[in-house]
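The values are calculated or read from the model by the stated rules, or taken from the named source; none is laboratory data. Note that this is a predicted model, so its numbers are computed, not measured. Cβ: placed from backbone, ideal geometry, glycine included. Neighbour counts: every protein chain shown. Ligands, DNA and RNA are excluded from the accessible area calculation, which covers all protein heavy atoms including side chains. Shrake-Rupley method; radii C 1.70, N 1.55, O 1.52, S 1.80 Å.
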Amino acid sequence: MKKLLLTLMMVATCSLMQAQVKPMVLGDKHALLKMEQGSRYLLLPVQESEDIAAIAVLDGHNNMVQRINVKLAIERVDYYVPYELKGACLMDIEFRGDRRQKGAVGDFVCWKDMKYTNTFDTTNREQYRPAYHHTPLYGWMNDPNGMFYKDGIWHLYYQWNPYGSQWENMTWGHSTSRDLIHWEAQPAALEMDWLGSIFSGSCVTNGNDVVAFYTSAGHHQTQSMAVSKDGGRTFEKFGGNPVLTTSDIPDFRDPKAFWNEKAKVWNLILAAGQEMRIYSSKNLKEWKYESSFGKEYGNHSGVWECPDLFPITYHPSPDTTETKWVLICNINPGGPFGGSATQYFIGQFDGRKFTCESMPKVTKWLDYGKDHYATVSFYNAPEQRRVVLAWMSNWQYANQVPTKQYRSANSIPRDLGLFQFGEETYVSVVPSKEMLALRGEKVKKPTETCEMVVDLKNQTEMVLSNTKGEEVVMRYDAQKQTFTMDRTKSGDVSFSEAFPCETTAPTHGAIKQLRIFVDRCSIEAFDADGKMAITNLVFPSEPYNTIKVKGGKVTIYDIKH
């Protein structure tokens, strides 16, 4: 990202008030903290190995204004997160877990290292932070949410924890871009309230308004709505929330709304356990249940999440044009190589019911790597494009990857289409055209940020490596119609037993050329015609700087960022 949060004054030198914070200890797990006024932020020290401290924030009249969960430091400080005071006067802090081995609450490191400040430094301090992928300035990120295009600007919201770099305190973070590559961080768009945390959802444009739908995750999961009058920068929550509820299932979330031009209604699809439920509305406020899809179709090894539903028009032959509907279904666990992944179905949708054209047991995956999940598309993308982003991680180890200032990135933007192979229709995946603008000069060796174009033969092997002996091995086998990526020796694989692996994608026939995008912690490989995609994280101790190709030819381009 090229700019810093508008809500923060980001400079490298922070003026800090060094007076030590003095809590009022009430018990072996309980303390109150009166907050000094006059500064913008209280920096909270985090220790990731600790249990959560549940914090209730009160104003000057002892009214509770917020609840947050923070892993406050007990023995050491891993990093700091800012809490913007905004009139907050008191924190009621309850430490969880067994304190008998940790010492007295009043002696915890957090009290000694809390600091008041008017600024917060987000200068990158991470070896593995990507150079040309979207990341949060700090804190945890998972699913992309509410993405839309309006007035020349791409809006990306995302599941964000502002108070730590592991999953918690779900909020909608917000970034904007004019080119899908360079992102500017914006203030948080939707923060948790008494209905619950803000889980995943979507946005639509309705005249000049931007309408957001999201899951309120409290004791139960319900669907809520918020409206923006300023192009998606700030939202006012609808006074009639929740707008959609259920009593028959606990996993009821991730609403994706869209205007159905043919049916002349608003449709909404959301995940309910291991099926997708479809609704219709004429006013975006009152929703009618229409149908469900999913029983016995595809993979059911985990919970279905983050749906999307959209039409794609394509040319199955030079003289014919067809439109088919694609239903995206993210699943966790159940991916082809363990953990989370994105499956999809193709068929027809009449505004009420989705009918899949494949046999029930057919499973189709959008990406065959380990690190491609929560894929959803931008609403109202120009030129009738279907542009998607994915969360570039896996729930098996996302909380443990070797970064601290932030965790997780999004994939590069991708455009979807359709192609036929045998008796089936598949979704094609190609890097969005905006990626071509990043191509720099041809270079002789790989760099930490590059694109490699590989012309293939029937048997091609590519070994990407560095001077430490760390390597990623990729193989194309025309006879087997497969492409494989092996990251078992790619660098640091020690943080999870699920991380070292080999992933294999079907190529649906012969492929002639690969486009491989390398960033500091990721490798994304695509068939140039879109018939195959594999996305995998890597954490080399130094950048890969050598590529050896047997049975093919590679051209390497530096990537400008």
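Counting only C-alpha contacts under 8 Å and six or more residues apart, can you give the relative contact order of the range 46-99 as a whole percent?
It rounds to 48 percent for the range 46-99.
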Practice prompt. May I ask you to give the percent of accessible area on the range 201-287 that is carbon plus sulfur, with a probe radius of 1.4 Å?
Written response: 48
Response to the item:
Under 27 Å between C-alpha atoms, the lysine pairs in the range 37-159 lying 8 or more places apart or on different chains count 8
Discussion item. What is the percent carbon and sulfur in the accessible area of the range 365-444, measuring with a 1.4 Å probe over the protein chains and ignoring ligands?
Written reply: 47
Fill in: Within straight-line cross-link reach of LYS262, lysines at Cα separation under 16 Å, skipping those fewer than 8 residues along the same chain
LYS282, LYS324, LYS353
Discussion item. Under the rule of at least 5 residues apart or a separate chain, name every residue whose amide H is placed under 5 Å from the amide H of VAL65.
Written reply: VAL57, LEU58, ASP59
Worksheet item: Tell me, what HN-Hα J-couplings in whole Hz come from the Karplus equation 6.51 cos²θ - 1.76 cosθ + 1.60 at θ = phi - 60° for each residue of the range 334-350, using x for Gly and Pro?
Response: x, x, x, 10, x, x, 8, 6, 10, 9, 8, 10, 10, x, 10, 9, 10
Worksheet entry | 3J(HN,Hα) from dihedral phi, the range 439-455, Karplus parametrisation 6.51/-1.76/1.60, rounded to Hz, x for glycine, proline | 5, x, 6, 5, 10, 7, 10, x, 10, 5, 9, 8, 10, 10, 9, 10, 7
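Using a 1.4 angstrom probe, figure out how much accessible area the range 315-386 has per residue, in square angstrom, rounded to the nearest whole. Mind showing how you got there, number by number?
On the way: 2920 Å² over 72 residues.
So the range 315-386 comes to 41 Å² accessible per residue, rounded to a whole number.
Based on the mean of other beta carbon atoms within 10 Å per residue, what is the order of 390-399, 111-120, most packed first? Working shown, then result.
Values: 390-399: 23.7, 111-120: 18.5.
Taking the mean over residues of other Cβ atoms within 10 Å, the ranking is 390-399, 111-120.
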Worksheet item: Using a cut-off of 18 Å between alpha-carbon atoms, which aspartates and glutamates can reach LYS264, once sequence neighbours fewer than 8 places away in the same chain are excluded?
Response: GLU286, GLU290, ASP350
Discussion item. Restricting to DSSP H runs of at least four residues, report the calculated mean residue ellipticity at 222 nm for the chain, -39500 (n - 2.57) per run over all residues, nearest 500 deg cm²/dmol.
Written reply: 0 deg cm²/dmol
Practice prompt. Can you send over the carbon and sulfur percentage of the accessible area for the range 478-527, probe radius 1.4 Å, protein chains only?
Written response: 44
Practice prompt. Using amide H atoms built 1.01 Å from N in the peptide plane, name the residues 5+ places from TYR406, or on other chains, whose amide H lies under 5 Å from its own.
Written response: GLY139
Worksheet item: Tell me which aspartates and glutamates have Cα within less than 14 Å of LYS22's Cα, excluding those fewer than 8 residues away on the same chain?
Response: GLU36, ASP92, ASP107, ASP113
Fill in: In sequence order, calculated HN-Hα J values of the range 49-59 (Karplus, 6.51, -1.76, 1.60; Hz; x Gly/Pro)
7, 8, 6, 5, 9, 8, 10, 9, 9, 10, 8
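Let a ≥ b ≥ c be the square roots of the eigenvalues of the Cα gyration tensor of the range 146-246; is it rounded (a/c under 1.5), or, if not, prolate (a/b larger than b/c) or oblate?
Values: a/c = 2.30, a/b = 1.27, b/c = 1.82.
It is oblate, given that a/c is not under 1.5 and a/b is not larger than b/c.
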Practice prompt. Give LYS364/LYS560; LYS364/LYS468; LYS445/LYS512; LYS489/LYS553; LYS444/LYS550 a once-over and call out the pairs whose C-alpha atoms are over 26 Å from each other.
Written response: LYS364/LYS560; LYS364/LYS468
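What number comes out for accessible area per residue over the range 476-561 if the probe is 1.4 Å? Units Å², please. Walk me through the intermediate numbers first.
Numbers: 3320 Å² over 86 residues.
Per-residue value: 39 Å².
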